[in-house]
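The values are calculated or read from the model by the stated rules, or taken from the named source; none is laboratory data. These numbers were taken from a predicted model, which means no experiment stands behind them. Cβ: placed from backbone, ideal geometry, glycine included. Neighbour counts: every protein chain shown.
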């Protein structure tokens with residue numbers, strides 16, 4: 001689901017036919033979701049375990065994995081810890097807040113954010129360590145690396161906080177245009193650096209400890225005569241792969257940049273707010289139209305395109321073994337062959353959207369649905 005934020009009028013438009021104010025009729029043939037095609041499954045997608053963690057109620061929550069545990073939350077504020085291998089519930093606590101962003105985990109702390117700007121850190125037993133007020137809604141999972149927590153707020157700020165007490169270390173902010181996507185994407189923290197996408201097709205690289213800007217690159221400049229046409233936001237997390245940083249913009253491009261300088265290595269026309277996955281050869285993109293494309297990660301050359309998921313509101317893809325897994329807005333997880341993009345497997349969940357970014361850990365792909373279903377999937 002894409003939400004648009006008009007900061008001056010404090011209103012939103014929802015582009016897909018879900019909750020909120022829809023731009024399109026669900027009966028419009030141009031936006032009607034494609035029916036599922038019959039497939040001959042060569043890969044069995046099974047849930048090694050599953051659990052219920054509370055509905056998202058319009059937000060997007062992804063599970064977090066740390067120290068052989070899985071942490072998941074719903075908007076009701078109930079945070080649950082599971083054993084990664086078995087799905088055994090270890091504990092559940094009530095944060096006492098209406099949660100809008102999470103979960104982040106690492107270095108023995110768990111992080112969640114609220115609509116009213118409260119940012120809460122708990123230990124790995126669910127006991128609150130500290131709470132700070134950030135002054136704006138928190139929508140994205142936070143990151144932890146060393147002594148620094150990185151969190152972004154809905155008003156476009158990226159903050160570095162101290163891991164011990166939440167004290168602010170640095171603040172980075174870009175000017176937000178009048179109309180922007182409502183992004184649930186976290187930053188990417190790798191090699192003591194922070195990489196994040198912003199409105200206007202910007203990808204920024206910052207030093208983790210100081211917030212000092214290393215570079216800022218435009219992968220997709222806004223174009224068009226209306227505010228809606230000019231949206232070109234990087235609304236998903238950039239990915240770091242060896243010496244490159246890759247990202248995709250809505251109504252823009254997918255591109256890879258040099259990790260040191262931010263210089264563009266290659267770019268291709270694409271539109272996605274869901275995001276990308278990468279493996280040793282390719283980049284996989286869930287396009288806004290519902291197509292999944294594979295591109296050579298060194299050159300951007302087209303490898304294949306799977307266009308039989310049109311208007312099915314795809315989530316972030318994930319590369320797993322010999323397949324690409326992608327959830328849709330109707331509760332299905334699809335397995336595509338990495339070699340040619342053909343369907344090789346499918347699994348039904350609870351019928352609600354799979355919008356959150358899946359997490360890979362110990363041979364499991366973890367998916368969370370909007371109705372609060374948590375699925376630990378192992379294709380075979």
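Points worth noting:
- Hits in region 174-197 - residues which are at pLDDT below 95 and outside any loop (DSSP other than H, G, I, E, B): 179, 180, 181
- Pairs with Cβ under 6 Å, 6+ apart, first in region 25-40 and surrounded by 10 or more Cβ atoms within 10 Å (Cβ to Cβ), second part of a loop (DSSP other than H, G, I, E, B) and at pLDDT below 85: 26/17; 31/24
- Residue count for region 118-148, restricted to those that are buried (at least 16 other Cβ atoms within 10 Å of the Cβ) and closer than 22 Å to residue 84 by Cβ: 9
- Restricting region 164-186 to residues that are crowded, with 17+ Cβ neighbours inside 10 Å and either without any contact (Cβ under 8 Å) to a residue 60 or more places away in the chain or over 21 Å from the mean Cα position of the chain (by Cα) (or both), the residue that is farthest from residue 232 (Cα to Cα): 166
Rundown of residues vs (1) on the phi > 0 side of the Ramachandran plot; (2) without any contact (Cβ under 8 Å) to a residue 24 or more places away in the chain, yes/no style:
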{"position": "72", "(1), (2)": "no, no"}
{"position": "80", "(1), (2)": "no, no"}
{"position": "94", "(1), (2)": "no, yes"}
{"position": "117", "(1), (2)": "yes, no"}
{"position": "120", "(1), (2)": "no, no"}
{"position": "138", "(1), (2)": "no, no"}
{"position": "148", "(1), (2)": "no, no"}
{"position": "156", "(1), (2)": "yes, no"}
{"position": "162", "(1), (2)": "no, yes"}
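- All positions within region 136-146 that are under 16 Å from residue 167 (Cβ atoms) and either at pLDDT 95 or above or in contact with a helix residue (DSSP H, G or I) (Cβ under 7 Å, 6 or more places away or on another chain) (or both): 142, 144
- Residue check, residue 356 closer than 23 Å to residue 273 by Cα and at pLDDT below 95: yes
For (1) surrounded by fewer than 16 Cβ atoms within 10 Å (Cβ to Cβ); (2) more than 23 Å from residue 327 (Cβ to Cβ); (3) at pLDDT below 95, each residue gets a yes or a no:
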{"position": "55", "(1), (2), (3)": "no, no, no"}
{"position": "62", "(1), (2), (3)": "no, no, no"}
{"position": "74", "(1), (2), (3)": "no, no, no"}
{"position": "80", "(1), (2), (3)": "no, no, no"}
{"position": "92", "(1), (2), (3)": "yes, yes, no"}
{"position": "96", "(1), (2), (3)": "yes, yes, yes"}
{"position": "104", "(1), (2), (3)": "no, no, no"}
{"position": "109", "(1), (2), (3)": "no, yes, no"}
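- Meets criteria (in a loop (DSSP other than H, G, I, E, B), more than 23 Å from residue 145 (Cβ to Cβ) and over 16 Å from the mean Cα position of the chain (by Cα)) for residue 75: yes
- Selection over region 269-281 of residues that are assigned to a strand (DSSP E or B) and buried (at least 18 other Cβ atoms within 10 Å of the Cβ) gives a count of 5.
- Region 149-163 - residue that is outside any loop (DSSP other than H, G, I, E, B) and over 21 Å from the mean Cα position of the chain (by Cα) and, of those, farthest from residue 358 (Cα to Cα): 162
- Counting only strands (runs of 3 or more DSSP E) that sit wholly inside region 287-380, those with at least 2 residues that are surrounded by 21 or more Cβ atoms within 10 Å (Cβ to Cβ) and in contact (Cβ under 8 Å) with a residue 24 or more places away in the chain are 292-296, 318-320, 323-327, 332-337, 343-348, 364-368, 373-379.
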